[in-house]
Amino acid sequence: MCVIILFILSQTYADTTWSMYGATLENTHYQKMEGAMDTEPDVKWFYVTGSFVEAHGAAVANVDKDDTTEVVIGSCDKKVYCLNGVTGLVKWSFPTGGEVYSSPAIANVDVDDTTEVVIGSCDFKVYCLNGVTGLEKWSFPTGGEVHSSPAIANVDGIAGMEVVVGSKDKKVYCLDGIDGTEKWSFPTGDWIFSSPAIADVNEDDTMEVVIGSFDGKVYCLNGVTGLEKWSFPTSIWNKVISSPAVANVDGIAGLEVVVGSTDKKVYCLDGVDGHEKWSHPTGDEVRSSAAIADVDGDGNMEVVIGSYDNKVYCLRGIDGTEKWSYTAGSDVHRGISVADIDGDDTLEVLVPNMNTNKLTCLNGEDKSVLWTKSLDTDIHDITIADIDMDGYVELIVGTRDSWTIWALDDDVSASVEEKRELKVKSLEFRVMGKGIYLFTPNAIEVDIKLYDLCGRLKQVIYRGVLSKGGHTFMPNIKDGRVYFVVLNSQGIRESVKLINLLY
């Protein structure tokens with residue numbers, strides 16, 4: 001017979017954390033978890049640093065394996081800050097020798113039992129910091145300022161992680177995650193402010209590094225050797241400051257690279273050889289990085305990107321034609337971010353402005369303004385993440401004039417328990433035949449594990465973000481014994497219903 005056991009277990013957290021610029025290694029700037037900001041968000045907390053917060057964006061993860069999530073961000077006061085995601089209080093700070101524009105990457109880069117923070121600085125160094133203490137594990141000296149945000153991945157196919165980052169010394173570096181030694185470097189013709197995207201862009205079973213340079217080119221490099229696979233030149237005398245995004249944007253087999261240039265164009269390049277598939281002209285320089293998602297729900301991908309002509313463009317991925325454009329109050333020079341901010345099953349577009357104090361949230365379908373939030377002049381890259389473990393995303397952004405890091409939330413008067421109860425009221429988790437059925441009313445991060453009756457972990461069934469809808473899982477169990485399955489949805493509730501199956 002089938003034995004069903006109800007078991008109460010305190011919430012645990014994922015064993016690994018991972019966060020970096022652009023939300024993904026491909027720099028798509030698309031967050032799959034949803035929010036509850038159906039009106040202008042409240043300020044959850046703010047923290048004033050000692051200078052401009054011109055950072056490319058924060059990284060969010062549980063860096064010290066406690067019961068909270070942390071926000072890590074750099075500042076032009078020459079420090080890296082690790083803040084408690086719930087309160088905004090400083091857990092640690094690390095002094096560098098120069099201003100910090102780079103966004104941190106967070107991962108277990110050296111494959112020990114701790115999580116690391118990797119970030120660049122204008123003191124000509126890339127730093128790897130212990131996530132628990134903030135102390136330096138290693139640093140790598142470049143020949144110039146590091147404005148580029150590092151990416152962490154296994155790019156060479158050999159065991160272990162690498163750090164890939166660009167520098168103002170006109171080089172792209174691939175560093176060993178264990179000790180920061182150089183694995184390879186590639187010289188471009190000019191400075192590099194662009195942040196790398198990492199993916200198998202030409203589907204040859206090796207990883208590539210795609211990055212822009214002030215020499216006006218986009219480079220695709222072999223992740224194993226660092227040698228050039230292809231490069232694409234934009235117009236002469238122009239720069240590629242924009243960070244490339246990699247995705248299948250046209251719906252045809254294969255991946256594309258989307259990037260902006262100061263030649264006043266947005267480019268879509270073929271991932272195999274870098275030839276131009278389409279380009280779209282804007283009215284001024286494009287330094288912004290693109291977000292790629294189906295923002296209007298029509299089943300096709302769109303490219304959303306800003307320009308110095310004060311506009312945000314939504315372009316069809318298939319051919320680059322304009323679906324809509326929105327005129328902001330000033331230059332849109334930083335990355336666009338996309339997520340279901342209000343939890344209505346449609347995507348919203350978050351627009352930072354350079355010379356106004358407005359953060360704007362647009363309906364992805366028709367560019368209508370859902371809300372604006374007054375913060376401070378020169379709003380930089382927006383990070384979308386669940387920083388307080390309530391099951392909904394918050395917004396983290398830095399500003400220039402007030403030297404402030406802002407955390408924005410939906411109704412801050414609602415308790416975490418109230419939000420969790422709302423979030424899980426339609427969650428369904430049950431036995432279905434010899435499998436497990438899970439229905440999620442919205443996109444949600446889950447952790448599903450199989451244990452025996454002695455509490456020993458037998459199988460990680462699923463760990464990651466699930467889309468809205470029904471999902472069926474078939475544990476690999478054929479021995480006829482009794483097991484129980486644990487569903488842990490991080491930040492939703494502290495206890496879960498567990499079901500034992502007898503096969």
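The values are calculated or read from the model by the stated rules, or taken from the named source; none is laboratory data. The structure presented is a predicted model; accordingly, all values stated were derived computationally and were not measured. Please note: Cβ atoms are built from the backbone with ideal geometry, for glycine as well, and neighbour counts cover all protein chains shown. Just so you know, the surface numbers come from the protein's heavy atoms only, side chains and all, with ligands and any DNA or RNA stripped out. Shrake-Rupley method; radii C 1.70, N 1.55, O 1.52, S 1.80 Å.
Over every Cα atom in segment 15-107, the radius of gyration and the widest Cα-Cα span, Dmax, amount to 13.7, 42 Å. When the surface is traced with a 1.4 Å probe over the full set of protein chains, H333 keeps roughly 20 Å² accessible. With semi-axes defined as the square roots of five times the eigenvalues of the C-alpha gyration tensor, the equivalent ellipsoid of segment 131-175 measures 19, 17, 9 Å, largest first. The eigenvalues of the Cα gyration tensor, multiplied by 5 and square-rooted, give segment 209-354 an equivalent ellipsoid with semi-axes of 24, 19, 13 Å from largest to smallest. The peptide list 394-405, 39-50, 256-267, 157-168, put in order of mean Cβ contacts within 10 Å with the highest first, becomes 256-267, 394-405, 157-168, 39-50.
For segment 255-299, the Kirkwood estimate of hydrodynamic radius, built from reciprocal distances between every pair of different alpha carbons, is 11.4 Å. Over segment 94-180, the alpha carbon radius of gyration divided by the compact-protein estimate 2.2 N^0.38 Å works out to 0.98.
Summarising the label geometry, the points placed 7 Å from Cα in the beta-carbon direction at N355 and D284 lie 0.6 nm from one another. Working note: Cα atoms of segment 211-255, range along each principal axis, descending, whole Å: 33, 27, 14. Between segment 264-294 and segment 109-168, the alpha-carbon centres lie 28 Å apart. According to the calculation over all Cα-Cα pairs in the chain, the P(r) per 20 Å bin from zero is 24, 57, 18, 1 %.
Reported value for segment 56-147: 77 Å³ per residue, from the convex hull of its C-alpha atoms. The distance separating the Cα centre of segment 207-246 from that of segment 33-65 comes to 30 Å.
Quick one: which of K170/K264; K137/K183; K264/K468; K183/K449; K32/K168 span more than 26 angstrom between C-alpha atoms? Where the Cα-Cα span goes over 26 Å, the pairs concerned are K264/K468; K183/K449; K32/K168. As a fraction of the 1.4 Å probe accessible area of the chain, surface on carbon and sulfur atoms comes out at 51 percent.
When only Cα pairs below 8 angstrom with a gap of at least 6 residues are kept, segment 126-267 shows a relative contact order of 16 percent.
For segment 281-391, report the translational diffusion coefficient in µm²/s to the nearest whole number, using Stokes-Einstein at 4 °C, 1.567 mPa s, and a Kirkwood Rh over Cα pairs. Answer from the Stokes-Einstein relation: 93 µm²/s.
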